[in-house]
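Beneath this line is the structure, given in structure tokens, with notes to follow.
The values are calculated or read from the model by the stated rules, or taken from the named source; none is laboratory data. Please read these numbers as outputs of a predicted model, since none were measured by experiment. Note: ideal-geometry Cβ built from the backbone for every residue, glycine included; neighbour counts use all protein chains shown.
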Amino acid sequence: MLTIEDCIALSGLTEAEILAIAEHEHIPFTAAAEMGRCLFCAERGLDTLKLMILDDIRAARKRDDLSHVEELKQALRDYAATRREKTHAAPYG
């Protein structure tokens, strides 16, 4: 049985990035981790992930959920710091 930590590791993304996908797509965490892995490997997938996070920020602002806006902004900062150049290399093995 896979753990949440296994799903995160296999996706190549951070937990915050997976949570942003889950929120944006309205899907469970494990499905978001799988989708995240597909995005990680896709030509413009990480650009799509960035747009998802930005959409989530806009939605949280619209709901006046300022604490969530800050969480998402931190996820976006982390994304920018770690995803400057897209790589097709697997995150494991």
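So if I check each of A80, A42, A20, which one is at pLDDT 95 or above and either under 21 Å from I4 (Cα atoms) or of a type outside the set (D, E, K, R) (or both)?
A20
Being exposed (fewer than 14 other Cβ atoms within 10 Å of the Cβ) and either without any contact (Cβ under 8 Å) to a residue 12 or more places away in the chain or touching a Phe, Trp or Tyr at 6+ places or on another chain (Cβ under 8 Å) (or both): is that true of E17 here?
It is false that E17 is exposed (fewer than 14 other Cβ atoms within 10 Å of the Cβ) and either without any contact (Cβ under 8 Å) to a residue 12 or more places away in the chain or touching a Phe, Trp or Tyr at 6+ places or on another chain (Cβ under 8 Å) (or both).
Criterion first (crowded, with 21+ Cβ neighbours inside 10 Å and more than 15 Å from A75 (Cα to Cα)) does A9 satisfy it?
No, not satisfied.
Kindly provide the set of residues from the range 54-81 that are under 20 Å from G12 (Cα atoms), in contact with a Lys or Arg (Cβ under 9 Å, 6 or more places away or on another chain) and either of a type in the set (S, T, Y) or surrounded by 12 or more Cβ atoms within 10 Å (Cβ to Cβ) (or both), ordered by number.
Hits for the range 54-81 are L76, Y79.
Looking at this structure, is R58 farther than 22 Å from C38 by Cβ and either at pLDDT below 95 or part of a loop (DSSP other than H, G, I, E, B) (or both)?
No: the conditions fail for R58.
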